[in-house]
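Q: Take this structure first; my questions come after.
The values are calculated or read from the model by the stated rules, or taken from the named source; none is laboratory data. Here the structure is a predicted model, which is why all the values come from computation and not from measurement. Positions of Cβ are generated from backbone atoms using ideal geometry, with glycine treated the same way; all protein chains shown enter the neighbour counts. Only protein heavy atoms, including side chains, enter the accessible area calculation; ligands, DNA and RNA are left aside. Shrake-Rupley method; radii C 1.70, N 1.55, O 1.52, S 1.80 Å.
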Amino acid sequence: MNAGLAPWACHPAASRGRRIAEPPSPPRSEHQRDRDRIVHSTAFRRLVYKTQVFVNHEGDLFRTRLTHSLEVAQLGRSVARMLALNEDLVEAIALAHDLGHTPFGHAGQDALHDCMRAHGGFEHNLQSLRVVDALEARYPDFDGLNLTFETREGILKHCSRRNAERLVRAEPGGPAQRFLDGGEPSLEAQLVNLADEMAYNTHDIDDGVRSGLVTLAAFDEVPLFARLHADVRSAHPQLAGRRLLFEVMRRMLSAMVADLVATTAAAIAAAGPADADAVRRAPPLVRFSGGLRAELDALKRFLFARLYRHPQVMHTTGIARQAVVELFSAYRAAPHEMPEDYAAAPDLERAVADYIAGMTDRFALREHQRLTGRDIFAA
Ligand code: MG
């Protein structure tokens with residue numbers, strides 16, 4: 001059944017299973033089944049109108065969380081196949097990794113965390129797990145999607161100690177246990193983490209240039225970009241504009257994938273883990289070479305300073321933050337403005353956070369206008 005998977009991959013037959021046992025669904029593996037449940041979830045469909053960097057109404061061509069998640073799944077699966085890891089598990093984790101993100105990208109999340117500071121805070125990784133464990137309401141016998149341990153482990157990428165203690169009290173040995181005991185997640189989870197980084201580093205260059213906020217020439221300050229840009233110019237001297245940019249990005253993705261596969265294969269060979277559990281006790285094995293890691297860190301610093309911190313992006317995200325804060329106060333003061341399930345929940349602040357976190361950018365703006373009477377992006 002597991003022909004083709006490396007011994008250190010997560011083998012579906014060795015899954016730690018679901019919180020509520022279910023009969024198998026052949027011929028699908030348990031991880032394929034997780035992937036299918038994620039694709040059919042409500043939270044997944046909403047990713048199409050959630051922002052990555054730009055607010056959704058700014059343009060139709062920028063990445064949203066849905067297209068970002070598809071790119072992460074594509075990169076993750078390619079690498080998983082080269083390393084004989086579990087492609088279906090990688091795909092499931094990749095498609096679910098951003099389900100807990102609020103509207104308006106990081107601005108929305110920071111604002112919601114501020115609102116929730118006295119009520120347990122808000123972490124998007126934890127929220128992604130909360131979506132698949134509790135908030136999706138579509139099965140007769142359980143809340144959430146009842147996913148396997150391995151998919152849930154991959155979704156919970158970060159977790160504060162306080163939240164990990166709370167999760168472990170409810171589920172000893174669950175995906176939060178490693179944040180108390182130390183240890184790494186599976187290779188598939190580690191891989192999605194870096195596929196996420198490969199995807200956003202590349203697509204934020206594309207979106208940055210497309211937005212007109214950063215010029216293609218400015219990216220030559222980044223050594224990795226400059227090197228590949230020079231290669232493309234010498235191979236295709238006539239190339240210009242978007243095709244030039246696409247070719248540089250294509251080479252950047254190829255360079256990252258090749259480096260990741262070679263470095264990781266060597267790290268696995270050196271560590272020699274017997275199985276997936278030995279991987280969890282080893283240091284991180286999925287990684288870039290030291291040289292490429294340094295180049296990617298330089299690219300991230302550039303994107304942070306020149307794109308994420310660009311005055312126009314800061315202006316928009318400042319307004320988005322304000323919208324989330326005002327929405328939070330409005331629902332808290334008038335819970336009946338939320339659907340009955342949320343209005344009647346025992347923990348009002350958590351219910352407000354769950355409701356807002358589930359919104360798309362445009363629904364959040366419509367609700368903001370309905371509740372405050374103001375169009376926050378007008379003027
Ligand atoms: Mg992501």
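Q: When you count, for each residue, the other Cβ atoms within 10 Å and take the mean per peptide, how do 5-14, 174-183 rank with the highest first?
A: Values: 5-14: 19.0, 174-183: 16.8.
Answer by packing, highest mean first, reads 5-14, 174-183.
Q: What percentage of the solvent-accessible surface of the chain, computed with a 1.4 Å probe over protein heavy atoms, is contributed by carbon and sulfur atoms? Please list the in-between numbers first.
A: Numbers: 9060 of 16670 Å².
Carbon-and-sulfur percentage of accessible area, whole number: 54.
Q: Which value, in debye to the nearest 20, gives the size of the charge dipole of the range 28-313 about its Cα centre, when Lys and Arg are +1 and Asp and Glu are -1 at the Cβ?
A: 440
Q: Taking only protein heavy atoms into account and a 1.4 Å probe, give the accessible area per residue of the chain in Å².
A: Here the per-residue accessible area is 44 Å².
Q: Quick one: grab the alpha carbon gyration tensor of the range 54-207, order the square roots of its eigenvalues as a ≥ b ≥ c, and give me rounded if a/c is under 1.5, else prolate or oblate depending on whether a/b is larger than b/c.
A: In terms of gyration-tensor shape, oblate.
Q: Report, please, the projected area of the chain averaged over directions, based on the convex hull of its C-alpha atoms, in nm².
A: 20.1
Q: Please list 102-110, 22-30, 345-353, 213-221 highest first by mean number of surrounding beta-carbon atoms within 10 Å per residue.
A: So the order, starting with the most tightly packed, is 102-110, 345-353, 213-221, 22-30.
Q: Right, another one. Relative contact order, percent, of the chain when contacts are C-alpha pairs under 8 Å separated by at least 6 residues?
A: 21
Q: Something else now. By accessible area of protein heavy atoms, probe 1.4 Å, what ranking do THR151, THR372 get, highest first?
A: On the way: THR151 0, THR372 50 Å².
Listed by decreasing accessible area, they come as THR372, THR151.
Q: Scanning the chain for helices, which whole DSSP H stretches are 30 Å or more long along the axis (Cα) and average -1.0 or more by Kyte-Doolittle?
A: Both cut-offs are met by 187-211, 241-271, 311-333.
Q: Would you work out which of LEU135, HIS310, ALA276 lies farthest towards the positive end of the dipole of the chain? Charges go on Cβ: Lys and Arg +1, Asp and Glu -1.
A: Ranked along the dipole, the leading option is HIS310.
Q: Hey, what number do you get for the chain at 222 nm if only DSSP H runs of n ≥ 4 count, each worth -39500 (n - 2.57), divided across all residues, to the nearest 500?
A: Counting only the DSSP helices, I get -18000 deg cm²/dmol.
Q: May I pose another question? So how much slack lies between VAL325 and ALA217, counting 0.36 nm per residue of separation and subtracting their Cα-Cα distance, in nm?
A: Gain on stretching VAL325 to ALA217: 35.1 nm.
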